[in-house]
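Trainee: Here you go, one structure.
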Amino acid sequence: MNNPDTFISVIIPIYNEEENIDELCVSLTKVLEDYKKEYEIIFVDDGSSDQSIGLLKKYQDTNNKIKIIKLTKNYGQHIALIAGIEHIKGNIIVTMDGDLQNSPKDIPKFINKIEEGYDFVSGWRVNRYDPVLRKIPSYVLNKIICKITGVNFHDYNCGMNAVRKSIIENMDKYGEMRKFFPALMAKLANSCCEVQVEHNARAKGKSKYDFLKLVGLVADFITSFTVKPFRVLGVTGSFLVSLSTFFGIIFIIARLFGLTGPIPQVLFILLISFLSGIQFLILGFMGEYLIRIYQLLQRETLFQVETIIEK
Ligand code: UDP
Ligand code: MG
């Protein structure tokens, strides 16, 4: 189905990508002009300290469909995306990286799927050209996201995705969960699918992620998306306390009837289990209070915009 009302908003987070901007702007504009649908390109400058913003402005002089949103500081790729999403005019949103690892040529594939009726289309880098230390945490995070969202995609960490505007309309109330845009979209969309995309090795500039940052991202996802770790503590605590109390009572009865000797080891194990169970329970309860405070804090804005530059 070819919809004449389609208006594509491409959102690209940019953090120190001066070496990639020229080529990106040229290839992106070519693809979108050839595609002959209405479009805008929103670059979100995520606190770059190089020439990125100057280059973007220069290119904007040749293409007035470019909008630049400059954030006050570096907030991270995912928050930069949210900033872009808050300023779209289109009805189909396509996100992609600004380092030429994603190919603008794949954009029509995403639009076709949305026009077919899917609400969210996730990119899948079948041949991914990244270092192993980048791929391992990404694989672990992907598995966790699949488990938590219940939607099994191969590549939740792919920067290239598309979503229908109606799905993101109430995104504000999802607080920190918005930082994991594809995961939240998979949760909110009524129907979603994957498309295979090209992936290129980063030719210029450096990846903004190191191993530690990625491990942090996994922890950030778990604490943003689920309260299960606290619940697991609470349940484990209740289990340990109940079990040790049960066996404790049996042991005392057996001792009273002279069926067993004192066996200090058994007493010791029961006591340790009981006390650790109590500690787990207390942590679980504290967690429940923390969750409530956290949910209140989430309503705060995640970023600040310095300027919006448009023609
Ligand atoms: N990016 C960003 N803010 C950051 C880190 C990255 O806007 O703090 C942008 C970056 O400029 C690029 C995209 O997010 O356009 C993906 O980043 P990168 O290529 O470093 O990630 P990787 O490909 O290693 O996952
Ligand atoms: Mg990259």
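The values are calculated or read from the model by the stated rules, or taken from the named source; none is laboratory data. What you see is a predicted model, and the numbers here were worked out from it, not measured in a lab. All Cβ positions, even for glycine, are placed from backbone atoms using ideal geometry, and neighbour counts span all protein chains on display.
Trainee: Given the criteria modelled with pLDDT of 90 or more and out of contact with any Asp or Glu (no Cβ under 8 Å at 6 or more places or on another chain), does THR226 qualify?
Mentor: no
Trainee: Hey, among the residues in region 189-226 that are assigned to a helix (DSSP H, G or I) and aromatic (Phe, Trp, Tyr), which one's farthest from ligand 2 (Cβ to nearest atom)?
Mentor: The residue in question is PHE225.
Trainee: Now for a separate question. I want to confirm something. Restricting to region 25-50 and keeping residues that are within 21 Å of GLY76 (Cβ to Cβ) and either more than 9 Å from ligand 1 (Cβ to nearest atom) or of a type in the set (Ser, Thr, Tyr) (or both), which single residue is surrounded by the fewest Cβ atoms within 10 Å (Cβ to Cβ)?
Mentor: Selected residue: SER49.
Trainee: Which number in (1) under 30 Å from MET171 (Cβ atoms); (2) assigned to a helix (DSSP H, G or I); (3) of a type in the set (D, E, K, R) marks the one condition that ARG255 misses?
Mentor: Failing condition for ARG255: (1).
Trainee: Residue under question is ILE107, and the condition is that it be more than 14 Å from ligand 2 (Cβ to nearest atom), at pLDDT below 95 and in contact with a helix residue (DSSP H, G or I) (Cβ under 8 Å, 6 or more places away or on another chain); does it hold?
Mentor: Working: more than 14 Å from ligand 2 (Cβ to nearest atom): yes; at pLDDT below 95: no; in contact with a helix residue (DSSP H, G or I) (Cβ under 8 Å, 6 or more places away or on another chain): yes.
Here the answer is no, as ILE107 does not meet what is asked.
Trainee: Something else: For region 1-43, name all the residues that are over 29 Å from LYS206 (Cα atoms) and among the polar types (S, T, N, Q).
Mentor: Across region 1-43, the qualifying residues are ASN2, ASN3, THR6.
Trainee: For region 263-280, indicate whether the set of residues that are closer than 30 Å to GLY76 by Cα and at pLDDT 90 or above is non-empty.
Mentor: Checked region 263-280: no residue is closer than 30 Å to GLY76 by Cα and at pLDDT 90 or above.
Trainee: If you don't mind, there's one more thing I want to ask. List the pairs whose first member sits in region 155-177 and is more than 16 Å from ligand 2 (Cβ to nearest atom), whose second member is small (Gly, Ala, Ser) and assigned to a strand (DSSP E or B), and whose Cβ atoms are under 9 Å apart, counting only residues at least 6 apart or on separate chains?
Mentor: Listed pairs, sorted by first residue: ALA162/SER122; ALA162/GLY123; LYS165/SER9.
Trainee: Just to verify a result, which residue in region 57-101, among those that are away from ligand 2 (no atom under 16 Å from the Cβ), within 20 Å of GLU23 (Cα to Cα) and of a type in the set (S, T, N, Q), is surrounded by the most Cβ atoms within 10 Å (Cβ to Cβ)?
Mentor: Looking at the filtered set, the residue picked out is GLN60.
Trainee: Follow-up question, since we're still on this one. Every residue in region 145-162 that is within 13 Å of ligand 1 (Cβ to nearest atom) and either over 13 Å from the mean Cα position of the chain (by Cα) or among the aliphatic types (A, V, I, L, M) (or both), please.
Mentor: Filtering region 145-162 for residues within 13 Å of ligand 1 (Cβ to nearest atom) gives 155-161.
Passing the criteria: only MET160.
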